[in-house]
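Here, each number is a calculation from the coordinates, and none is a lab measurement. Keep in mind that what you see is a predicted model, and the values were worked out from it rather than measured. As a convention, Cβ positions derive from the backbone with ideal geometry for all residues, glycine included, and neighbour counts pool all protein chains shown.
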Amino acid sequence: METEKCCCIKTKHREDLEYKKLIHRLNRVEGQVRGVKTMVEEERYCVDILNQVAAIQSALNAFNRELLTNHIKTCVVDDIKEGDEQVVDELCDTIRKLMK
């Protein structure tokens with residue numbers, strides 16, 4: 001029996017450089033989160049932990065900026081060229097969620 005691909009799940013092939021940059025950023029965030037966990041386990045001072053959490057949020061924001069920029073330059077542009085202007089509404093909703 002063949003497995004059918006669901007038509008409602010979008011995918012995106014990323015070029016090697018984009019993929020490596022995104023994975024590198026995520027690996028750094030992952031390391032920072034593990035570091036904060038260790039700080040909590042070691043009963044470190046609250047302000048020190050909060051400063052590290054702020055650094056994690058900043059790193060996630062940088063990841064979001066990179067991914068959003070790539071999304072606009074590729075997916076959004078391609079969809080508009082193909083006549084799918086609904087992608088603009090999707091983009092606006094995404095930006096709205098990111099700006100909470």
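Is the chain best put as rounded, prolate or oblate by its Cα gyration tensor, with a ≥ b ≥ c the root eigenvalues, rounded for a/c under 1.5, and otherwise prolate when a/b is larger than b/c, oblate when not? Prolate, because a/c is 1.5 or more and a/b exceeds b/c. With contacts taken as Cα pairs under 8 Å at a separation of at least 6 residues, the chain carries a relative contact order of 23 percent. Below 15 angstrom from the Cβ of Glu42, what's the summed charge of the other residues (Lys, Arg +1; Asp, Glu -1)? The answer is 0. A cut-off under 12 angstrom between Cβ atoms defines the neighbours of Asp84, and their net charge, with Lys, Arg +1 and Asp, Glu -1, is -4. Take the Cβ atoms of Glu85 and Leu26, set R0 to 35 Å, and the FRET efficiency comes out at 0.65. Students often forget the sequence filter, so: which lysines lie under 17 Å Cα-Cα from Lys20 once same-chain residues fewer than 8 apart are removed? Qualifying lysines at Cα under 17 Å: Lys12.
Here, segment 34-78 is characterised by an Rg to Rh ratio of 1.30, where Rg is the alpha-carbon radius of gyration and Rh the Kirkwood radius.
Of the GluC sites (Glu not before Pro) in the chain, the ones in a loop by DSSP (not H, G, I, E or B) with at most 15 other beta carbons within 10 Å are Glu2, Glu4, Glu15, Glu42, Glu43, Glu82, Glu85. With Cα atoms defining each centre, segment 9-33 and segment 46-100 are spaced 13 Å apart in the structure. Within the listed set Lys12, Lys73, Lys21, the Gaussian network model of the chain (springs between alpha-carbon atoms below 10 Å) gives the highest mean-square fluctuation for Lys12. Net charge of the neighbourhood of Thr74, taken over other residues with C-beta under 13 Å away and scored Lys/Arg +1, Asp/Glu -1, is -1. Who wins for biggest fluctuation among Leu22, Leu50, Leu60 in a Gaussian network model of the chain, springs between alpha carbons below 10 Å? Evaluated over the chain, the most mobile residue of the options is Leu50. With the Cα gyration tensor of segment 57-100 giving a ≥ b ≥ c as the square roots of its eigenvalues, does the rule (a/c under 1.5 for rounded; else a/b larger than b/c for prolate; else oblate) give rounded, prolate or oblate? The shape class here is oblate. In the chain, the DSSP-assigned H stretches of four residues or longer account for a calculated mean residue ellipticity at 222 nm of -23500 deg cm²/dmol, using -39500 (n - 2.57) per stretch and the full residue count as denominator.
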